[in-house]
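I have placed the structure first, in the form of structure tokens, so that the comments after it can refer back to it.
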Amino acid sequence: MGADGELDVFDAGRCADGYALGLAVGRRFANVIRSRMRQDLVLRDQLLPFASTAKAPPLLAALQAANRERYPRYWDELVGTADGSGVPLLHVILLNFRKEILPFIPKQGDGHGREEEPDGDCSDVLIVSDSTAIAAHNEDGNVALLGHTYLVRATLPDGLSSFTAYTYAGELPSCAFGFNSNGVAFTLDSVPPVNDEIVAGAIARNFVSRDLLEAKNLDDAMRRICSPGVSVGHSYNLMDVRGRRIVNVETASGNRFAVHEAGATPFFHANMYRHLQVKQVQDENSISREKRAAQCSVDSKETALSLLGDTADDKYPIYMTGPTLHTLCTVLVDLDKETVTIYKGNPKNGEMALVLPML
């Protein structure tokens, strides 16, 4: 999404392989990707300095080996993105593995090894009742992502299905949200496991969510997110349009996961584990948003969007406007209308940027 709030959409069509898709995306968004690389302080101040230390090569080698072996086509896509944009491959690798690297960068006075400034938070509201079946999601990110996101559409090499994914510049589609022509959609929420819950050099979240874009159905989506031996856990909100189902799946290292089926009672998820028992950092931002959500009544699309636009808490609002974290956009997946609507600005104002058919 550009600085003016307009979302750039690129249809890559049917590419012969992963490298060709990455190359096409890299070429199309070369300026945006280069701009992000220059402005992303997590990359410049933490990831790149770490990459020059003695601790970095074994961790990066293990991450590359694990993810390249399991997802060779997506690895080629990552390489193609670097080549197409003219950005050093190392920079693209660091961005795509940032959540798996940051916990291992020593932080003075921080026993958890988390990044000093958060680079992503999100909020979700899930409802499946007789009258409403929706997932509403705030995509929140670091200020460096303003003007550095775009929408990628692509047809798989076999030509049998396609996906649409909101993408951070220089990263695999999608660490945010997406859907495919099989009627599977998802939104994502980061979660904060403590360091001893994290496995070094294992499967990375960006590769899992890229794989999720190719899920054939809900069961296949579950298999794709629950079977890899991940390094860092994540929260997935999975939607099955044809089956009119929404489930929240929380994952952690050691192939641990827990599933919550959305129902008529609204389910709010921020950036802490809700039902999987994992030792986690107590994130005040997330706790505050959960408390505020519990005070609000949600029973429709309009009230869900109003909640996601809430700014009642000055310090930790649900709708974020900086200085570090910003709500980049809001998306609403309507399973009954079979549409994905992306809003710009505060979603309670109802200003739609795009309305996308899912099937």
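The values are calculated or read from the model by the stated rules, or taken from the named source; none is laboratory data. Model, not experiment: these values are computed from the prediction. Methodologically, a virtual Cβ is constructed for each residue, glycine included, from the backbone with ideal geometry; neighbour enumeration extends over all protein chains shown. The accessibility values were calculated without ligands, DNA or RNA, using every heavy atom of the protein model including side chains. Shrake-Rupley method; radii C 1.70, N 1.55, O 1.52, S 1.80 Å.
Val281 fulfils the conditions (1) closer than 24 Å to Glu214 by Cβ; (2) buried (at least 16 other Cβ atoms within 10 Å of the Cβ); (3) among the hydrophobic types (A, V, I, L, M, F, W, C) except for a single criterion, (1).
Of the residues making up the stretch 220-238, one or more are hydroxyl-bearing (Ser, Thr, Tyr), farther than 19 Å from Gly183 by Cβ and assigned to a strand (DSSP E or B).
Filtered by the rule that a residue be in contact with a strand residue (DSSP E or B) (Cβ under 9 Å, 6 or more places away or on another chain), more than 12 Å from Ala169 (Cβ to Cβ) and outside any helix (DSSP H, G or I), the stretch 11-47 gives Asp11, Ala12, Gly13, Arg14, Cys15. Taking Ala154, is it buried (at least 22 other Cβ atoms within 10 Å of the Cβ) and closer than 22 Å to Lys344 by Cα? For Ala154, the condition - buried (at least 22 other Cβ atoms within 10 Å of the Cβ) and closer than 22 Å to Lys344 by Cα - is not met. Considering the stretch 44-65 alone, what residues qualify as being surrounded by fewer than 21 Cβ atoms within 10 Å (Cβ to Cβ) and among the hydrophobic types (A, V, I, L, M, F, W, C)? Correct list: Leu48, Phe50, Ala51, Ala54, Ala56, Leu59, Leu60, Ala61, Ala62, Ala65.
I need the full set of residues from the stretch 311-359 which are open to solvent by 20 Å² or more (accessible area, probe 1.4 Å) and either touching a His at 6+ places or on another chain (Cβ under 6 Å) or among the charged types (D, E, K, R) (or both), in order please. Of everything in the stretch 311-359, those that are open to solvent by 20 Å² or more (accessible area, probe 1.4 Å) and either touching a His at 6+ places or on another chain (Cβ under 6 Å) or among the charged types (D, E, K, R) (or both) turn out to be Asp313, Asp314, Lys315, Asp336, Lys337, Glu338, Lys344, Lys348, Glu351. Looking at the stretch 137-218, the strands (runs of 3 or more DSSP E) lying wholly inside it that each contain 1 or more residues that are among the aliphatic types (A, V, I, L, M) sit at 149-155, 162-168, 184-189.
Working only within the stretch 284-310, note down all residues that are in contact with an Asp or Glu (Cβ under 9 Å, 6 or more places away or on another chain) and either open to solvent by 60 Å² or more (accessible area, probe 1.4 Å) or of a type in the set (S, T, N, Q) (or both).
Asn285, Ser286, Ser288, Lys291, Arg292
Cβ separations smaller than 8 Å between residues 6+ apart or across chains give the following pairs from the stretch 308-327 residues that are small (Gly, Ala, Ser) to residues that are open to solvent by less than 40 Å² (accessible area, probe 1.4 Å): Gly309/Ile318; Gly309/Tyr319; Gly309/Thr330; Gly309/Asn346; Gly309/Pro347. Pairs linking a residue in the stretch 67-81 that is under 18 Å from Ile225 (Cβ atoms) to a residue that is among the basic types (Lys, Arg), with Cβ atoms under 7 Å and 6 or more positions apart or on different chains, are Tyr74/Arg210.
For the stretch 290-302, the criterion of being of a type in the set (Lys, Arg) and within 20 Å of the chain's Cα centre (by Cα) is satisfied by no residue at all. Residues in the stretch 26-43 that are crowded, with 18+ Cβ neighbours inside 10 Å and over 30 Å from Pro323 (Cβ atoms): 2 in all.
Restricting attention to the stretch 48-96, the residues that are assigned to a helix (DSSP H, G or I) and hydroxyl-bearing (Ser, Thr, Tyr) total 3. Mind checking which residues of the stretch 244-257 are open to solvent by less than 20 Å² (accessible area, probe 1.4 Å) and either in a loop (DSSP other than H, G, I, E, B) or among the aromatic types (Phe, Trp, Tyr) (or both)? Once the filter is applied, which keeps residues that are open to solvent by less than 20 Å² (accessible area, probe 1.4 Å) and either in a loop (DSSP other than H, G, I, E, B) or among the aromatic types (Phe, Trp, Tyr) (or both), the stretch 244-257 yields only Ser253. Scanning the stretch 297-307 for residues that are over 21 Å from Leu354 (Cα atoms) and touching a residue at least 12 places away in the same chain (Cβ under 8 Å) yields Val298, Asp299. Criterion applied to Ala30, Ala12, Ala54, Ala16 was being touching a residue at least 24 places away in the same chain (Cβ under 8 Å), out of contact with any helix residue (DSSP H, G or I) (no Cβ under 6 Å at 6 or more places or on another chain) and over 14 Å from Leu90 (Cβ atoms), and the one residue passing it is Ala16. When restricted to residues that are within 19 Å of the chain's Cα centre (by Cα) and either among the basic types (Lys, Arg) or open to solvent by less than 60 Å² (accessible area, probe 1.4 Å) (or both), the stretch 258-275 contains 9. Looking across the stretch 222-239, just one residue is surrounded by fewer than 21 Cβ atoms within 10 Å (Cβ to Cβ) and in contact with a Phe, Trp or Tyr (Cβ under 7 Å, 6 or more places away or on another chain), and that is Cys226. Count of the stretch 268-304 residues, restricted to those that are assigned to a helix (DSSP H, G or I) and under 19 Å from Leu325 (Cβ atoms), is 10.
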